[in-house]
Amino acid sequence: MKNVLYKEGIKAEDCCFVGDEFTYLTDGIRGSDAYMITEATKNGTFIDVSENPWKLPDEVRNIGGGVSAFKEFLSSVL
């Protein structure tokens, strides 16, 4: 955020963070993508494309669909 986006005047609330590992792997252990949710990024939009039924952090919305959904999402916004 500091090295790329802030220099361009882009705020976290203007960003969308997409991944497939936001889910909790077990109670209290977050998936690797959940580490993108930080104090600096917390106002961004977080989308999980996994088809995994596990619990997600409250900030994350699941759209499912796996890699194909991720590609479709990127195509729709580019």
Exercise for the section: Please report, in debye to the nearest 20, how large the charge dipole of segment 12-77 is about its Cα centre when each Lys and Arg carries +1 at its beta carbon and each Asp and Glu carries -1 there. Expected result: 80 debye
Problem - Between 0 and 90°, nearest 10: helix 66-77 axis offset from the chain longest Cα axis - result: 30 degrees
Exercise for the section: Grab the DSSP H runs of the chain that are 4 residues or longer, score each as -39,500 (n - 2.57), total them, divide by all residues and round the 222 nm result to the nearest 500 deg cm²/dmol. Expected result: -5000 deg cm²/dmol
Problem - GluC sites (Glu not before Pro) restricted to DSSP loop in segment 1-73 with at most 12 other C-beta within 10 Å - result: 39, 51
Exercise for the section: Among the trypsin sites (Lys or Arg not before Pro) in the chain, which ones are in a DSSP loop with at most 15 other Cβ atoms within 10 Å of the Cβ? Mind listing them? Expected result: 2, 11, 42, 55
Exercise for the section: Count the lysine pairs in the chain whose Cα atoms sit under 24 Å apart, keeping only pairs 8 or more residues apart in sequence or on different chains. Expected result: 8
Problem - Over the chain, relative contact order from alpha-carbon pairs under 8 Å, at least 6 apart, % - result: 28 percent
Fill in the blank from the handout: If the chain between residue 76 and residue 6 were fully extended at 0.36 nm per residue, the gain over the current Cα-Cα distance would be 22.7 nm
Handout entry: Dmax and Rg, reported as Rg then Dmax, of segment 12-77 (C-alpha, Å)
Key = 11.5, 34
Exercise for the section: For the chain, build the charge dipole from Cβ charges (+1 Lys, Arg; -1 Asp, Glu) around the Cα centre, then report which of 78, 56, 10 sits farthest towards its positive end. Expected result: 10
Problem - ³J(HN,Hα) computed for each position of segment 38-53 - Karplus, 6.51 cos²θ - 1.76 cosθ + 1.60, integer Hz, glycine/proline x - result: 10, 4, 6, 9, 4, 8, x, 9, 10, 10, 10, 9, 5, 9, 7, x
Handout entry: Calculated FRET value between residue 55 and residue 13, using beta carbons and R₀ = 25 Å, to 0.05
Key = 0.50
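No value in this document is a laboratory result; all are computed from the given coordinates. None of these values were measured; they are calculated from a predicted model. Ideal geometry is used to build each Cβ from the backbone, glycine not excepted, and the neighbour counts take in all protein chains shown.
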